[in-house]
Amino acid sequence: MGGIEFKPLTLFEAVYLVIAVIATLAAIFTIRALVRQSRVASQAAVAAAQIAVDSIFVNHPHLRRYFLGGEDVLAESQDYHQAAAVAQTLLNYFESYFRQRIRNDQLYDGETWLAYMADHFRGSPLLLRQLAHHSSWYTEDLISFAQSLPMKPPSIRSSTHEEIQSSDKPSAGPTSGHPLPTSGSPTPKPRKRKSP
């Protein structure tokens, strides 16, 4: 039985092989560079969005108490509509995390994101009411996360900013099929993301 016979490459074949190897290496290098650029761009976009969200409270510091201070805002308050718009902005921002956390490289780790969102939900009865009222706009992940958080009793101020009194029970604002979080539930652990 005859073995495989190897013939020497012609000059043309040798040049073609070298070009093919160089092209393959260049393609691998280019793909890796594009992946790095995509991660940098993704992280830059997240950082820009974070700065934009934080700037809301820099430009409107009087609203911060409705989102991190545990103070409720009444519908007749002059701050109500502006605070409701900020609540929707925050919910959309939080929703983007839950939609993209597996697909995109994250600037911050999962526990940092969840702690950031949890502090806003715990400090904002308005944010929870907005989520419950417009639950069809958001993913089950975001809703379940908010429902799992132990809540502090809100403080309520009148439209003249005089403190009325703090309730001894968690706020139970309007819901649409999704009750507000109950106290005592543990904060969920973030899903582990596989490295690419």
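What to note about this one:
- Scanning the stretch 36-61 for residues that are open to solvent by 70 Å² or more (accessible area, probe 1.4 Å), over 16 Å from the mean Cα position of the chain (by Cα) and within 25 Å of Leu126 (Cβ to Cβ) yields a count of 3.
- Against the numbered list (1) without any contact (Cβ under 8 Å) to a residue 40 or more places away in the chain; (2) open to solvent by less than 60 Å² (accessible area, probe 1.4 Å), Leu114 comes up short only at (1).
- Test: Arg64 is farther than 28 Å from Met151 by Cα, without any contact (Cβ under 8 Å) to a residue 24 or more places away in the chain and either in a helix (DSSP H, G or I) or in contact with a strand residue (DSSP E or B) (Cβ under 9 Å, 6 or more places away or on another chain) (or both): no
The values are calculated or read from the model by the stated rules, or taken from the named source; none is laboratory data. This one's a predicted model, so the numbers in the text were calculated from it and none came from an experiment. Every residue, glycine among them, receives a Cβ derived from its backbone with ideal geometry; neighbour counts consider all protein chains shown. Surface areas here come from the heavy atoms of the whole protein model, side chains and all, with no ligands, DNA or RNA. Shrake-Rupley method; radii C 1.70, N 1.55, O 1.52, S 1.80 Å.
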